[in-house]
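Scroll down for the structure; my scribbles are underneath it.
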Amino acid sequence: MAMHAEQRSRRAALLATAALCLAVLAGVALLTHARIQHGARAAELAQLAGVLPPRYYDNDPLGDRIQLRDSEALGSTEALPVLRARRQGQPSALVVDAVAEAGYGGPIRLRIGIDRDGRLIGVRVIEHSETRGWGDAYAAEDWLRQLQGRSLGNPAMRAWAPRRDGGDFDQIASATVTPRAILARVRRVLAAYAQQGDAWFAADAQP
């Protein structure tokens, strides 16, 4: 009897130890997952800073998003994300993903920040297949910086083009196919925002 009791006691101790180990491992896994998620979110917000500086929001723009399907405005038949920034509950800016489909090397995916008044906060190229040392120069922040502060009416429609085409925007050497595509897409997004921006802000958030 004493031997059976001792065996039961050992089994109970082993089960308790195993349960404790499992609980510790589960806790470590949850903590690690939370840290990874936090790090990924921080990295995403850092990437957004060029088109959406933190001063524009006190909400979570990564969570306050809609999926927009508008091939004419965004240049893609797929639904693309629109992130919404708010301060004290009021709309302050949007970040719109769009595609300039006629780049020299193929489609160029853009991320476009627009403030509440329709002015460009910034534009970034987030994906492209332009030729190194040629068309890819237009993906650099130096060239894109000239778009900051521009709006649908600044410049006038005919001036949304490289200088070689009589427009207001600098170009790099004689490469004009890529800047034409980028400028045309940015202006179309601004035009869509002028017509639909209020609806974009008002729509229910989507994952």
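For each of Ile66, Ile108, Ile172, count neighbouring Cβ atoms within 10 Å of the residue's Cβ, then give the residues from fewest to most.
Sorted ascending by nearby Cβ count, the order is Ile172, Ile66, Ile108.
Suppose we keep just the DSSP beta bridges with both residues in the range 54-202; what percent of those would be antiparallel, to 5?
95
About its Cα centre, how strong a charge dipole does the range 54-202 have in debye, to the nearest 20, once Lys and Arg get +1 and Asp and Glu get -1 at the Cβ?
So the magnitude is around 260 debye.
Can you work out ³J(HN,Hα) from phi for every residue in the range 113-123, in order, using Karplus 6.51 cos²θ - 1.76 cosθ + 1.60 and θ = phi - 60°, giving whole Hz and x for Gly and Pro?
x, 10, 7, 4, 8, x, 9, 6, 7, x, 9
All of the numbers you see were taken from the coordinates with simple rules; none came from a lab. Just so it is clear, the model here is predicted, and its values are computed rather than measured. Glycine also receives a Cβ, built like all others from the backbone with ideal geometry; neighbour counts cover every protein chain displayed.
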